[in-house]
Amino acid sequence: MSTVRFGVTEPRRPGTVLVDATWFMPGAAAQTGAQLFDARRLAGAVYFDIDAVSDPTSALPHMAPGASRFQRWLSAYGLSAEESFIIYDQNSGFASARVWWTFLRFGLQARILDGGFAAALKAGWQVETGPPPPRNEMPDADTSDRYAGMVMHDTTMSWADVLTHSKAGDALIVDARPAGRFEGRDREPREGLASGHIPGSVNLPFGALLDADGRMKQGAALKRVLPDIDPARRIVTTCGSGVTAAILFAAFTEAGFDDVWLYDGSWTEWAGRGDLPIATGPA
């Protein structure tokens, strides 16, 4: 059984929590992920907003939250760190890996629903429409027992660490953005941000890891897409702002790599700083 993916035909144990991770790039959709969740969702699901549950001290978008902010999200839904979570989204697997990675950082049991909302619909999972029911919030007092299972397993890498690996060439830095942005031919969606890539990195657009139904490739199909390297080698995943880098993180983890890191600031931070090297052209 995969520790990353949860198949829609697998039996769910009682009490498993469904988490809707739907998120769109600004301006990419007519509604936000939160609005789509309010309109429809898998029955009993709760919503995780990567913009709201993030590091409030960072000027970068949706950076990974600290433990206290994550605990406040759990408390708002009456949840504890002992739950088992299934993460899905309603836009072809675009954001569910990011939320799965966030849960993984805190040692929680979480898997990505393979194929997301669309696959669940085909499999006959129940759907709710209209405004979600009121939250079953827990009081702030006596939180120690509820969060005792949270053990930080931080797989976040800073720009300084990435720069060190870029210069030393001792890790494989893999970028999930489209080839045009990676090579510097196409503009970045964020105004004023140069395109290009981290020197020494390679390009693996996240879409290559998913099939037409948004399911992550597996087995031989996944191995054909990933670099043919020693699974013990350090992997650093990156993208535009840390969202699709999590899809790469999940794919390498699924394939058996055990030294996988995510550069949370990704290209928004790297190019935005103005003092870090930028390469263009093919890898």
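Do you know which residues across segment 144-162 are surrounded by fewer than 16 Cβ atoms within 10 Å (Cβ to Cβ), of a type outside the set (S, T, Y) and either farther than 22 Å from P61 by Cα or at pLDDT 95 or above (or both)?
Residues satisfying the conditions are D145, A148, G149, V151, A160, D161.
Could you tell me which numbered condition M138 fails, if it satisfies all but one of (1) part of a helix (DSSP H, G or I); (2) not assigned by TED's automatic domain parsing to the domain that holds A81?
Exception for M138: condition (1).
Could you look through segment 236-262, keep only residues that are of a type in the set (A, V, I, L, M, F, W, C) and in a loop (DSSP other than H, G, I, E, B), and pick out the one that is surrounded by the most Cβ atoms within 10 Å (Cβ to Cβ)?
Of all residues in segment 236-262, those of a type in the set (A, V, I, L, M, F, W, C) come to 236, 239, 243, 245-252, 255, 257, 260-262.
Within this subset, residues satisfying the condition of being in a loop (DSSP other than H, G, I, E, B) are 239, 243, 255, 257.
Working: C239: 26, V243: 23, A255: 19, F257: 20.
Top of the filtered list is C239.
Only one of these is of a type in the set (S, T, N, Q) and at positive phi: S166, S96, S92, S158. Name it.
On the way: S166 fails: at positive phi; S96 fails: at positive phi; S158 fails: at positive phi.
Residue meeting the stated conditions: S92.
Looking only at segment 77-95, decide whether some residue is under 17 Å from the mean Cα position of the chain (by Cα), of a type in the set (F, W, Y) and modelled with pLDDT under 95.
yes
Out of everything in segment 263-283 that is part of a loop (DSSP other than H, G, I, E, B) and among the aliphatic types (A, V, I, L, M), what residue ends up being nearest to M1 (Cα to Cα)? First the steps, then the outcome.
Initially, segment 263-283 is screened for residues part of a loop (DSSP other than H, G, I, E, B), giving 264-265, 274-278, 280-283.
Within this subset, residues satisfying the condition of being among the aliphatic types (A, V, I, L, M) are 276, 278, 283.
Working: L276: 42, I278: 41, A283: 35 Å.
Across segment 263-283, the extreme among qualifying residues is A283.
Has segment 5-20 got any residue that is farther than 18 Å from D114 by Cα, β-branched (V, I, T) and buried (at least 16 other Cβ atoms within 10 Å of the Cβ)? Spell out the reasoning first.
To start, the set of residues in segment 5-20 that are farther than 18 Å from D114 by Cα comprises 14-15.
Adding the requirement that they be β-branched (V, I, T) leaves none.
Checked segment 5-20: no residue is farther than 18 Å from D114 by Cα, β-branched (V, I, T) and buried (at least 16 other Cβ atoms within 10 Å of the Cβ).
Does at least one position in segment 123-132 carry a residue that is modelled with pLDDT of 95 or more, buried (at least 16 other Cβ atoms within 10 Å of the Cβ) and acidic (D, E)?
no
Within the bounds of segment 137-148, is there any residue that is within 26 Å of M25 (Cβ to Cβ) and either in contact with a helix residue (DSSP H, G or I) (Cβ under 7 Å, 6 or more places away or on another chain) or of a type in the set (D, E, K, R) (or both)? Before you say what the answer is, go through the steps one by one.
Just the residues of segment 137-148 that are within 26 Å of M25 (Cβ to Cβ), to begin with: none.
No, every residue in segment 137-148 fails to be within 26 Å of M25 (Cβ to Cβ) and either in contact with a helix residue (DSSP H, G or I) (Cβ under 7 Å, 6 or more places away or on another chain) or of a type in the set (D, E, K, R) (or both).
Could you list all residues from segment 151-185 that are assigned to a helix (DSSP H, G or I) and hydroxyl-bearing (S, T, Y)? Break it down stepwise before answering.
The first filter runs over segment 151-185 and keeps only residues assigned to a helix (DSSP H, G or I), leaving 159-168, 179-183.
If the condition is that a residue be assigned to a helix (DSSP H, G or I) and hydroxyl-bearing (S, T, Y), then T164, S166 are the ones that fit.
Out of everything in segment 193-207 that is aliphatic (A, V, I, L, M) and farther than 19 Å from V260 by Cβ, what residue ends up being surrounded by the most Cβ atoms within 10 Å (Cβ to Cβ)? So that I can check it myself, show each step before the final result.
Going residue by residue through segment 193-207, those that are aliphatic (A, V, I, L, M) are 193-194, 198, 202, 204.
Going one step further and asking which of them are farther than 19 Å from V260 by Cβ, we end up with 193-194.
Values: L193: 16, A194: 14.
The selected residue is L193.
Is it fair to say P231 is part of a loop (DSSP other than H, G, I, E, B), loosely packed, with under 15 Cβ neighbours inside 10 Å and outside the structural domain of E188 (by TED's automatic domain parsing)? Give the derivation first.
Values: part of a loop (DSSP other than H, G, I, E, B): yes; loosely packed, with under 15 Cβ neighbours inside 10 Å: yes; outside the structural domain of E188 (by TED's automatic domain parsing): no.
No; evaluated as a whole, the condition is false for this residue.
Suppose we keep only residues that are at pLDDT 95 or above and surrounded by 20 or more Cβ atoms within 10 Å (Cβ to Cβ) within segment 208-228. Which one would you say is nearest to S2 (Cα to Cα)?
L209
Going by what's in this entry, would T268 be described as buried (at least 20 other Cβ atoms within 10 Å of the Cβ) and either over 13 Å from the mean Cα position of the chain (by Cα) or not β-branched (V, I, T) (or both)?
Working: buried (at least 20 other Cβ atoms within 10 Å of the Cβ): yes; either over 13 Å from the mean Cα position of the chain (by Cα) or not β-branched (V, I, T) (or both): yes.
So T268 passes the test.
Scan segment 55-73 and give yes if some residue there is surrounded by fewer than 21 Cβ atoms within 10 Å (Cβ to Cβ) and among the aromatic types (F, W, Y), otherwise no.
Checking segment 55-73: at least one residue is surrounded by fewer than 21 Cβ atoms within 10 Å (Cβ to Cβ) and among the aromatic types (F, W, Y).
The values are calculated or read from the model by the stated rules, or taken from the named source; none is laboratory data. The model shown is predicted, which means the values in this text are computed figures rather than measured ones. Every residue, glycine as well, gets a Cβ built from its backbone with ideal geometry; the counts of neighbours run over all protein chains shown.
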